[in-house]
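Nothing in this text is a laboratory measurement; each read-out follows from the coordinates by a stated rule. Keep in mind it's a predicted model, so treat the numbers as computed, not measured. Neighbour counts are summed over all protein chains in view; Cβ atoms, including those assigned to glycine, are modelled from backbone coordinates with ideal geometry.
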Amino acid sequence: MTNNKLPLLILAATLFFTISEVQANEQNQEETAITFGLSAERGWRDWSASYIKYRGPGSIGYGIEFTRSAYNEDEESYEYKQRDNEYQFHAPIGITENLYITPGYGIKRTHTDVTLDSREFSDSSTKQVGGVDATYIMDSGFVVTAGFDKAEGEDLEFSIGAGIAW
């Protein structure tokens, strides 16, 4: 995604959230949830945080998610470091009072540093990323979410998180 497409994406998100806010005033059930996730697989260390507004059965909500990933590999004359920052907009769709399917779309910014025989190299890239989550909100307010994300040219990633809703 080029930088000149970013203003269009921001405009579309603003219009979407404005329309969603009007629909929310007509709904009886509305919950706000904050979730966190942690992961450590194949050398990666990830954490994520999200803020989601759920609007009830048959309604569309909105939210944002941030994920930070890090990978380090260190050999004798070789060091590799990769840092990913992922930003996604979410649109949870109420299936029942407790179950939501949430498509997401955003960008993933990757920065890589390589040191080989005391020579340093760096690179950065930005990719589109999309995914879908399933979220269950218990009557007690505990939230469990699991889903899949895929960035351009990368493997499918699985994530799980938990949080609270009020």
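Summarising the label geometry, the points placed 7 Å from Cα in the beta-carbon direction at GLU152 and ALA40 lie 3.3 nm from one another. Other residues with beta-carbon under 9 Å from the beta-carbon of GLU152 carry, at +1 per Lys or Arg and -1 per Asp or Glu, a net charge of +2. Summing Lys, Arg as +1 and Asp, Glu as -1, what charge do residues with Cβ under 9 Å from the Cβ of LYS81 carry, LYS81 excluded? That works out to -3. Estimated at 0.36 nm per residue, the fully extended path between ASP117 and ALA49 surpasses their Cα-Cα distance by 20.7 nm.
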